[in-house]
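The values are calculated or read from the model by the stated rules, or taken from the named source; none is laboratory data. The model shown is predicted, which means the values in this text are computed figures rather than measured ones. Heads up, the Cβs are rebuilt from the backbone with ideal geometry, glycines too, and the neighbour counts pull from every protein chain shown. Side chains included, ligands, DNA and RNA excluded: accessible areas come from the protein's heavy atoms. Shrake-Rupley method; radii C 1.70, N 1.55, O 1.52, S 1.80 Å.
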Amino acid sequence: EFVATVARAASVALLPNPFRSLWRTRRAAETTFRWETITPATPAARVAFGSGGNALVVIGGNEALLIDRKVAAFGQVLDREVRDFGATIRSVINTHHHGDHTGGNDAFTRTAQVVAHTRVKNRVLADARDALAQLRGASVDAYAAGLRKSGFDVTITAEARRDIERFIGALDQVTPETFAPTLTLDGEREFRAAGTVVQLQHVTPAHTDNDVIAWLPELDILHAGDLLFNEHHPFIDVSAGATTLGWDRALASAIAMVKPNTRIIAGHGPVTDRAGLQRQRDYFNRVRETVGAAIREGKRRSEVVALQPREVADYAWPDLLGHVLGVIYDELTAKR
């Protein structure tokens, strides 16, 4: 189940986000992340896939904005690959507290403004204490294997291996505080970074109770964080206040913000448009209908989590389906 996956991601992730001609001359195999261009003009936007949640990089001049940070040690890798684009990361946003989105924070908290919801800080500190203890003495190969076991696509280039080895070798100088955001918000915040306007909005408890939408109106791009598991079964972090009904309200808010062809960056899965947000709402509605029908038939929870709804049979991370069914069962039966 993804409960176990994210438990590992929170620990394994911290154990256990026009370009220069240099980029155009490098083969994709030489980069740790798979980079996809969203807007080629200035400010330029690319998404980094792999080794954690999807990270959006926006570059204006020699300054970069980064939204979500990958897993631990890969923050250093991400920083280096963005520098290859000719820019330095000056502003960072955490869409929520999970380790596959905040694990690389330590690469930036000393040199950049790291923004997140108020509740992120304490949760990151708690996760980091446990995770750093587990990471000490680990090998790069064992670290990568643990990440892959957690469901992440991980590529270790020669440069990335050196970055990770340096990170592990210097853990005695790393403290949990280096992973904590440096600026927090409770509701909304607007600022300018990398030549574009950034609007942050905290939404109702959804994937967690600290989800933040990052809207870039001038570029017509929205980073939804883990409000959107595009073509993947989602994780619902009940321990952090998540609810699927709150998730639906948060998605409705996001849909109201954007246009039909706005580029939507998912926390996991491919880049999409407004229809992708609606498909996430449809996913929950379909599963909720399936679970509701099973409850009316008198099925027990153990029977419900074993169901295989045909409508969502093709989604990635199939081991998470039982988790989703169980959470929705608990929500529906709690109303009685």
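Ordered by solvent-accessible area of protein heavy atoms (1.4 Å probe), largest first, the residues 37, 272 come out as 37, 272. Taking packing as the residue-averaged number of other Cβ atoms within 10 angstrom, the listed peptides 132-142, 151-161 run from highest to lowest as 151-161, 132-142.
The amide H of residue 227, built 1.01 Å from its N in the peptide plane, has 267 as neighbours under 5 Å, considering only residues 5 or more places off or on other chains. Calculated mean residue ellipticity at 222 nm for the chain: -11500 deg cm²/dmol, from DSSP H runs with n ≥ 4 weighted as -39500 (n - 2.57), summed, divided by the residue count and rounded to 500. Near residue 64, the amide H atoms lying under 5 Å from its own belong to 88, 89, 90, 91; only residues 5 or more places off or on other chains count, and H is placed 1.01 Å from N. Debye-formula intensities of the chain, expressed as log10 I(q)/I(0) at q = 0.08 Å⁻¹, are -0.35 (one equal scatterer per alpha-carbon, no solvent). Evaluating 6.51 cos²θ - 1.76 cosθ + 1.60 at θ = phi - 60° for every residue in the range 257-271, the Karplus couplings come out as 7, 10, 9, x, 9, 4, 7, 10, 8, 7, x, 9, x, x, 5 Hz, glycine and proline recorded as x.
The accessible area of residue 84, taken with all protein chains in place and a 1.4 Å probe, comes to roughly 30 Å².
Between amide H atoms placed 1.01 Å from N, distances below 5 Å from residue 38 occur with 45, 46, 47, all of them 5 or more places distant or on a separate chain.
Note that the range 58-64 has calculated 3J(HN,Hα) couplings of 10, 10, x, x, 9, 10, 10 Hz, one per residue in order, obtained from phi through the Karplus relation 6.51 cos²θ - 1.76 cosθ + 1.60 (θ = phi - 60°); glycine and proline are x. With all protein chains kept in place, the per residue accessible area of the chain amounts to 40 square angstrom at a probe of 1.4 angstrom. Couplings 3J(HN,Hα) of the range 107-113, computed from phi: 6, 10, 5, 8, 10, 9, 7 Hz, in residue order, whole Hz [Karplus 6.51 cos²θ - 1.76 cosθ + 1.60, θ = phi - 60°; x for Gly and Pro]. Each peptide in 302-310, 59-67 was scored by the mean count of other Cβ atoms within 10 Å over its residues; highest first, the order is 59-67, 302-310.
Taking the DSSP bridge list for the chain and keeping only pairs wholly inside it, about 65 percent are antiparallel.
Of the solvent-accessible surface of the chain, computed with a 1.4 Å probe and all protein chains present, 48% belongs to carbon and sulfur.
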